[in-house]
Structure formats: C-alpha cells, structure tokens
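Visitor: Take a look at this one; I'll ask things after.
The values are calculated or read from the model by the stated rules, or taken from the named source; none is laboratory data. These numbers were taken from a predicted model, which means no experiment stands behind them. Positions of Cβ are generated from backbone atoms using ideal geometry, with glycine treated the same way; all protein chains shown enter the neighbour counts.
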Amino acid sequence: MVKKKYYAQFQQAVYQQTLENGLDVVLIPQQGFKKTYAILTTNYGAVDNRFVPIQQDQLVTVPAGIAHFLEHKMFEKADHDAFDLFGQFGADANAFTSYTQTSYQFSTAQQFAKNLSILLDFVQDPYFSRAGVKKEQGIIGQEIRMYNDNSDSRLYTGTIANLYPADPMKNDIAGTEESIKKITPELLMQCYQTFYQPSNLRLVVVGNLDVEQTLGVIEQCEKDRQQVARKIQRGPLIQDVQGNDIIANGSIRMPIGRPKAMVGIRGLSQYPDARKRLKYKLACELMLELLFDDTTTNYLDLYNQQIIDDSFGFSFEMERGFHFATISSDTDDPARFFNAIQKIARHAKENLAKMDAEFEKTKRGAMGRLIMSLNLPEMIANRYASSLFGELNIFDELEILRLLTLGDVYDACQQLLGPHRFTNFTVQPEKM
C-alpha cells in the first residue's frame, strides 16, 4: 500500500511503499522539472566487514575495502558494462561507497523508465569473474596509491584512525593494496547475497515522474526477485563504547610545503529514535557553525593571529552507529592550532549560552540553504537515500530545524564536546 505524506508549506507530496520483496521505495514528484534523479542504496558500507553470511551461523571477517570493490564490480556484466547502457539511453550514472552505505544513481531528462529498469536490473544481477576481479585489483590499487599521495586525504584518514583505533573505521573505505589482493569472486558473492537483498535496499526517485507509472515500472522489475527477507547479523561495530581507546596524537611526514593539522572529536551518544538522531545532528552542525564559521569572532581571532588561513574548515559526520566532528587547517604552528581549538571547545558551553542573536541568524541561514537545495533533485534524494533517519526526508528536516532551539544546541554541545574525546593529527613536511 502506498503511503502519502503532504507538506502543505512546499506543496509537495512524498510517496512511500515497501514492496512484497522488501524493497523500500520513496517517490517525490516535482512539477515543472525536466530532469529525474534516482538513487538505489544498500545499507552496507566499508565498516561492515564482520558479519554472518546468509545461510551460515558463524561470524566471518572479510578484507577491508570489499564493499567499495563490490560497487566497482557491479557495473561489469558478462557481455556489457552498465555504464554503457545508461549512456545509450541518455542518462548520466555514477556510484559511491561510504562507511555505511553503497549507492548507485543516475539522472536523465529522457527515457526515464528504461533507465530506471537498467538501475534495478544491474544492481540486482551480479556477475563476478576471476579475470575481472584481478583487473579491478589493479585499478583500485592505483586509486589507493593516489589517495595515499594526497596529504588532505591522509590527514583525514589518520584522524579517523586515531578516533577509532580498534574499529573498522580505522581502515580507508577503499581498503589497502594488501587487503584488496585477498578479494575473490566467492567473497564478493558472499557479501552481495548478504547485503544486497531487496529488504536491505532503498530506492529514492525525485523529479519529473508520474507516481503510478513509476511504481508500475518498479513492480514489474521486482516481481520475480527474492520474496523472503533474511535477517542480517553484523559483528560489533564499536569495541570501546566509552571512547577510552582514542589515540590523543598522531603525525606523518609527506612531501608538502606547509604543515596540515586536524582536530577530531568522537561522539559517544546513541539515539535509536530517528527523529531525535536527526535533531542531534542538526544541533551539532549549528553548534560548529556558531563556534567556527568564518563570520565568528573565533575565526577572526585565529586568522588574525595567523594560526589558520583560508584552508580552514570543519564538518560533522553521522553514520550508522557512530559520529564525529573534524576541524582542520594548514598552519605554520600545529601546536598553537590544537591549543586554540581545544580552548574554544572547553569554553563552548558558556559562550553558546550568550549567543541568542547569533543562533537565530545562523539557523535562518541553514534553513535558507536547505530551501535552496529543494531546486536540486540530487540533493533531495541523496540526503535521505540511506536508512539512517528512517522515513524522514528533507521536508521533515526543515521542520525539525525550524523548531530547534539554542537549548538544543547547548545540549548537543554537552554530548559531543566531552573530555578525552579529542585527537590531534598532523601532516608535517618531510625533513630536508
């Protein structure tokens, strides 16, 4: 049965249906748009390397990087490449793997039904050959070497490895050259059969679409696919839920001209309720903006003292089962940078309590950016392609953001910026 939710403020309807085989479908028709965008996501990513395979009862560990490797191999078929099919029918296709999801997407202004069928068919029809796997090992190995030569990438991955030294997040999403050499067609199929079953997939379609016709195309594609959902058993994600294993400092040297520094902050709170989880995420994002945006006193002081430059940035990432914040900059004096950032964090609660006017301005700015993104089908679909926030979507996000208070931000600050949750990581120039 199709569920419809109407958002009167935006004159927008969102349709949701779970098919008999378990596939979760979300349709968001937009009047006046020429383009349609679709994204098919499995709730499976780089951290899911310990699990009980379907029809087995023992936990196995598979090589780091296998989810990303599987994403690459899904496009290859026995006699064609799915990328070529999308091109033949006027669509632009792509895919990506994160810590906790793998997504396949396309956008098109023509032959939407055909391209949607291609998406559903190629993702649910695996083909793995030994020759293809060996070839891909070379391609991904080159990709890994490229990232290893990138100082910004190494700064980020080094920071995350310090925050989660005993957990799968310590590994780069692509794995290592050594780990991907262990990947075989059999292991790929084992992962595929466990995590690509329809009940672990979500399809989101946004743009120029007819709801009834689109559902008809989807149901026709799915009518003969697996009907029984098989429970997925994953291994423990976090070994030390209190974060006592965080490594306080780390550093590497690379051939760069100037040091790069990053502070990582590991969140410990868990929110099983999807709405509370989203509210906390939005509050953390606003908190970081209030403390570190380039219009703040903190930023100007850091800049004027030449502790940071215009490379300065910050982010908050929330995934299934974990979340963290990062603050970084190129800097001549990493020690001063770390001390300054942690000083701001220590005094964050008392400063936030006095930021009523700044909070309202920052929240309006965040809402304005979110409303502007409603003109982009890709943005609407991608924000809620995963199952992290349940059935919530971008229109629910706007309402939660509208109701957010400075008190909510203060509470989030208490949750995130606790003691002993920080790491400092530096990429230093090689010694001459």
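Visitor: Among the residues that make up the stretch 293-300, is at least one of them within 24 Å of residue 406 (Cβ to Cβ), under 25 Å from the mean Cα position of the chain (by Cα) and either assigned by TED's automatic domain parsing to the domain that holds residue 386 or surrounded by 15 or more Cβ atoms within 10 Å (Cβ to Cβ) (or both)?
Guide: Yes, some residue in the stretch 293-300 is within 24 Å of residue 406 (Cβ to Cβ), under 25 Å from the mean Cα position of the chain (by Cα) and either assigned by TED's automatic domain parsing to the domain that holds residue 386 or surrounded by 15 or more Cβ atoms within 10 Å (Cβ to Cβ) (or both).
Visitor: Buried (at least 20 other Cβ atoms within 10 Å of the Cβ), outside the structural domain of residue 106 (by TED's automatic domain parsing), free of Cβ contacts under 8 Å to residues at least 60 places away in the same chain and more than 25 Å from residue 271 (Cα to Cα): does that describe residue 308?
Guide: In short, yes.
Visitor: Right, here's the next one. Identify all residues within the stretch 72-89 that are of a type in the set (A, V, I, L, M, F, W, C) and surrounded by fewer than 12 Cβ atoms within 10 Å (Cβ to Cβ); write none if there are none.
Guide: 78
Visitor: Also, quick follow-up: For residues in the stretch 160-178 being part of a helix (DSSP H, G or I) and among the acidic types (Asp, Glu), which is surrounded by the fewest Cβ atoms within 10 Å (Cβ to Cβ)?
Guide: So, considering only residues that are part of a helix (DSSP H, G or I) and among the acidic types (Asp, Glu), the one surrounded by the fewest Cβ atoms within 10 Å (Cβ to Cβ) is 178.
Visitor: So, one more: Is the stretch 225-244 home to any residue that is in contact with a strand residue (DSSP E or B) (Cβ under 8 Å, 6 or more places away or on another chain), under 20 Å from residue 417 (Cα atoms) and either surrounded by fewer than 17 Cβ atoms within 10 Å (Cβ to Cβ) or among the small types (Gly, Ala, Ser) (or both)?
Guide: yes
Visitor: Give all pairs with beta carbons closer than 6 Å in which a residue from the stretch 194-212 that is among the β-branched types (Val, Ile, Thr) meets a residue that is assigned to a loop (DSSP other than H, G, I, E, B); count only pairs at least 6 apart in sequence or on separate chains.
Guide: Close Cβ pairs satisfying both conditions: 194/53; 194/54; 204/385.
Yes or no, residue by residue, for (1) closer than 30 Å to residue 212 by Cα; (2) in contact with a helix residue (DSSP H, G or I) (Cβ under 7 Å, 6 or more places away or on another chain):
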| position | (1), (2) |
| --- | --- |
| 5 | yes, no |
| 12 | yes, yes |
| 16 | yes, no |
| 36 | yes, yes |
| 47 | no, yes |
| 53 | no, yes |
| 58 | no, no |
| 66 | no, yes |
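Visitor: Given the condition within 23 Å of residue 156 (Cα to Cα), part of a loop (DSSP other than H, G, I, E, B) and not small (Gly, Ala, Ser), answer yes or no: does some residue in the stretch 212-234 qualify?
Guide: Within the stretch 212-234 (the criterion being within 23 Å of residue 156 (Cα to Cα), part of a loop (DSSP other than H, G, I, E, B) and not small (Gly, Ala, Ser)), the answer is no, since none of the residues qualifies.
Visitor: How many residues does the stretch 346-388 contain that are under 20 Å from residue 411 (Cα atoms) and hydrophobic (A, V, I, L, M, F, W, C)?
Guide: 7
Visitor: Then there is this: Tell me which helices (runs of 4 or more DSSP H) are completely within the stretch 341-432 and hold 3 or more residues being basic (Lys, Arg), or say none if there are none.
Guide: 356-372
Visitor: Within the stretch 183-193, track down each residue that is among the polar types (S, T, N, Q) and either crowded, with 18+ Cβ neighbours inside 10 Å or touching a residue at least 60 places away in the same chain (Cβ under 8 Å) (or both).
Guide: Listed by number, the residues that qualify are 190, 193.
Visitor: Hey, among the residues in the stretch 19-66 that are hydrophobic (A, V, I, L, M, F, W, C) and surrounded by fewer than 17 Cβ atoms within 10 Å (Cβ to Cβ), which one's nearest to residue 175 (Cα to Cα)?
Guide: 60
Visitor: Moving on. Just wondering, is there one or more residues in the stretch 180-189 that are under 18 Å from the mean Cα position of the chain (by Cα), modelled with pLDDT of 95 or more, closer than 19 Å to residue 49 by Cα and not assigned by TED's automatic domain parsing to the domain that holds residue 256?
Guide: no
Visitor: Something else about it: Whether any residue in the stretch 49-59 is at pLDDT 95 or above and touching an Asp or Glu at 6+ places or on another chain (Cβ under 9 Å) is what I want to check.
Guide: No, the stretch 49-59 contains no residue that is at pLDDT 95 or above and touching an Asp or Glu at 6+ places or on another chain (Cβ under 9 Å).
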